[in-house]
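Input: a single structure, listed below in structure tokens.
The values are calculated or read from the model by the stated rules, or taken from the named source; none is laboratory data. Computed from a predicted model, the values in this text were never measured in an experiment. Cβ placement follows ideal geometry from the backbone for every residue including glycine, while neighbour counts extend to all protein chains displayed.
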Ligand SMILES: [Zn+2]
């Protein structure tokens with residue numbers, strides 16, 4: 001779809017003085033080069049100032065400087081058609097990495113209570129239900145939520161509305177959209193059952209490709225992606241403190257056959273309670 005001549009101007013004045021993951025000192029990586037009209041969900045918008053990529057000097061996480069404020073972003077997600085923007089006509093298995101699929105297959109069996117954060121129109125939930133799970137989703141897009149509900153899943157607008165506990169919580173290609181990742185992880189931990197697992201999939205800002213490309217790394221995807229946490233930062237996030245002893249397990253990157261452009265960039269991050 002070609003961009004319209006009159007995209008809606010959107011404020012992108014959110015600046016952070018400290019790392020959104022660990023609170024340490026941050027410095028600029030570079031200015032993002034964007035066309036005058038860009039998409040946010042299914043909205044065509046223009047930004048008032050050039051967004052920049054910044055990096056934490058302590059934990060190595062990166063984030064967007066001059067981001068769209070969270071309440072504005074939530075409004076845009078809510079009224080956007082997530083199913084059209086991030087549509088997947090391919091089966092769920094074809095759109096995620098091998099590790100993500102394998103993690104789900106290992107963790108989900110009959111009777112498992114699964115929560116998928118950012119469930120869009122419900123492809124992962126369908127897959128989990130096929131494996132025997134009782135499914136709940138969280139999805140801010142009204143249109144996507146309605147589609148997932150029509151497929152028979154319980155779906156809430158926000159994580160705080162999802163009533164736990166859950167045995168498995170997934171967040172695939174979601175963390176990079178989240179403005180306060182430590183707060184989200186704490187909420188996830190509070191909703192996990194004893195022995196429950198959290199599995200996340202997001203871009204790996206420490207991969208060679210990201211280091212080479214800087215602000216031009218394909219996964220930066222302004223304006224929706226606002227943060228790129230390192231494994232170290234996620235490990236240090238207070239998921240542990242709230243739930244007592246979660247830890248991260250690290251896996252190497254793999255490219256799913258149907259999406260080779262994801263090579264090197266995505267890494268599943270299973271968090272588990274020992
Ligand atoms: Zn940091």
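Some points to look at:
- Residue ID - modelled with the highest pLDDT, chosen from residues in segment 1-37 that are away from the ligand (no atom under 16 Å from the Cβ) and over 17 Å from residue 223 (Cβ atoms): 6
- Residues that are more than 16 Å from the ligand (Cβ to nearest atom) and not assigned by TED's automatic domain parsing to the domain that holds residue 234 number at least 3 in the following strands (runs of 3 or more DSSP E) confined to segment 38-77: 38-40, 43-47.
Let's see how each residue does on (1) free of Cβ contacts under 8 Å to residues at least 40 places away in the same chain; (2) surrounded by 14 or more Cβ atoms within 10 Å (Cβ to Cβ); (3) in contact with a strand residue (DSSP E or B) (Cβ under 9 Å, 6 or more places away or on another chain):
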| site | (1), (2), (3) |
| --- | --- |
| 8 | yes, no, yes |
| 13 | no, no, yes |
| 28 | yes, no, yes |
| 67 | no, yes, yes |
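- Checked against (1) touching a helix residue (DSSP H, G or I) at 6+ places or on another chain (Cβ under 6 Å); (2) modelled with pLDDT of 90 or more; (3) closer than 24 Å to residue 69 by Cα; (4) assigned to a helix (DSSP H, G or I), residue 160 passes all but a single condition, namely (1).
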